[in-house]
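The values are calculated or read from the model by the stated rules, or taken from the named source; none is laboratory data. Remember, predicted model here, so these are calculated numbers, not experimental data. Here the Cβ positions follow ideal geometry from the backbone for every residue, glycine too, while neighbour counts run over all protein chains shown. Ligands, DNA and RNA are excluded from the accessible area calculation, which covers all protein heavy atoms including side chains. Shrake-Rupley method; radii C 1.70, N 1.55, O 1.52, S 1.80 Å.
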Amino acid sequence: MTITTDFTGKTVIVVGGTSGINRGIAETFARSGARVAVASRSQEKVDDTVTALTEAGAETAMGVAFDVRDADAVAKGLQQMHEALGDFDILISGAAGNFPALMAEMSVNAFRTVVEIDLMGTVHLMKAAYPLLKRPGASVISISAPQAFLPYEGQAHVCAAKAGVDMITRTLALEWSPEGIRINSVVPGYIADTEGARRLAPTEQALEMVRRNIPQGRLGAVQDVANSCLWLASDLADHVTGQVISVDGGLYQRGSGQLGQMIGQMLRSKSGG
Ligand code: HXC
Ligand code: NAP
């Protein structure tokens, strides 16, 4: 079976779209002919991504550098994108920060940093994007994480922040449906060759343990996540909103199990505990 996706004439915004999973999502929409804008903190990464999006076939590609923790900068950046590309058909909220740290050993500021990026960044983005979304028809997708519904040692900050992200998804589905705006969360599994997987499974041994726990027997690929976004952004998903959808080869059906302990064990063995 061949499925073709054509997003010609659609405006796609990918915040945090300059590396890893989110960049793969942006490039996938570019290959489908969309107008694509990306944002992240680094102007250099933004510029590099815009070049790649153009080469991939985007109708138009642009980017703006901002930090999602700065509400005014987010609003200004989205305004620039709107002036260049028009109403947003698809908005992907994917910026995130993560490091393994036990609660007893991390500073309050370390905890706050992840909440500010993942959760408050989502708040800033949703509020600034709301008036700019195509209605009816817009599809909003937050890139979440299993920490939203599974506890992992060394991840209290991420668990708290991403749980908030998914509850924003569920709540906004109620508030925005009457205007024809859909919103869903996508939860990637362990995705090969990404910063997130490197930070949480930093050794070959850790990665092998993750692999053994995945019922499908393989790590995810960036393209697996991007494909789910294509579907959610398309008319095929017209009746789907407020959902939290894992793209994980079955991994999270096992709960957090050994993986939930692994990060804590790594941190304790490092600190000699
Ligand atoms: C303990 C740490 C720490 C660490 C930083 N901090 N790293 N604490 N252990 N490893 C503390 C600092 O000491 C400081 O607290 C506070 O956190 C802020 O640190 P900064 O370096 O000043 O922050 P900043 O420059 O804003 O950088 C944010 C960051 C950084 C989150 C710390 O790592 C980053 O930019 N990350 C973006 C990329 C990323 O994380 N990608 C992975 C996403 S994966 P004090 O008290 O000293 O001031 C993901 C889920 C993966 O989200 C799930 C896989 C299954
Ligand atoms: P990544 O490569 O580190 O991507 C993070 C992106 O967000 C980068 O473009 C980064 O660019 C941007 N960013 C970070 N902090 C920002 C800030 N304060 N303001 C604006 N942009 C910011 O990570 P990844 O592993 O691909 O993860 C992508 C998403 O998938 C995240 O939401 C993560 O929680 C989720 N996820 C990943 C995995 C996995 O296996 N990798 C598993 C589950 C969930 P700059 O550095 O230029 O700002």
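Annotations
- Stokes-Einstein D (µm²/s) once Rh is taken as the Kirkwood radius of the range 18-153 over alpha-carbon pairs, at 37 °C in 0.692 mPa s: 208
- Between 0 and 90 degrees, the angle of helix 71-85 with respect to the longest Cα principal axis of the chain falls at about 40 degrees.
- P(r) weight above 24 Å for the range 97-229, C-alpha pairs, percent: 37
- Average projection area in nm² (convex hull over Cα atoms of the range 131-199, one quarter of hull surface): 5.6
- For Asp235 and Thr2, the FRET efficiency from 1/(1 + (r/R0)^6), where r spans their Cβ atoms and R0 equals 25 Å, is about 0.90.
- Candidate lysines - alpha carbon under 27 Å from Lys134, same-chain residues fewer than 8 apart omitted: Lys10, Lys76, Lys162
- Residue ranking by accessible heavy-atom surface, 1.4 Å probe, largest first, among Leu207, Leu236 comes out as Leu236, Leu207.
- Per residue, the chain exposes an accessible area of 45 Å² to a 1.4 Å probe, with every protein chain left in place.
- Of the trypsin sites (Lys or Arg not before Pro) in the range 218-271, the ones in a loop by DSSP (not H, G, I, E or B) with at most 14 other beta carbons within 10 Å are Arg218.
- Fully extended contour minus Cα-Cα distance, from Glu83 to Ala104, at 0.36 nm per residue: 2.9 nm
- List Asp118, Asp6, Asp70, Asp235, ordered by accessible area with a 1.4 Å probe, largest first: Asp235, Asp6, Asp70, Asp118
- Accessible-area composition of the chain, carbon plus sulfur, in percent [1.4 Å probe]: 52
- With one equal scatterer per alpha carbon and no solvent term, the Debye-computed log10 I(q)/I(0) for the chain at 0.11, 0.13 1/Å reads -0.59, -0.83.
- Placing +1 on each Lys and Arg Cβ and -1 on each Asp and Glu Cβ, with no other charges, gives the range 155-253 a dipole about its Cα centre of roughly 320 debye.
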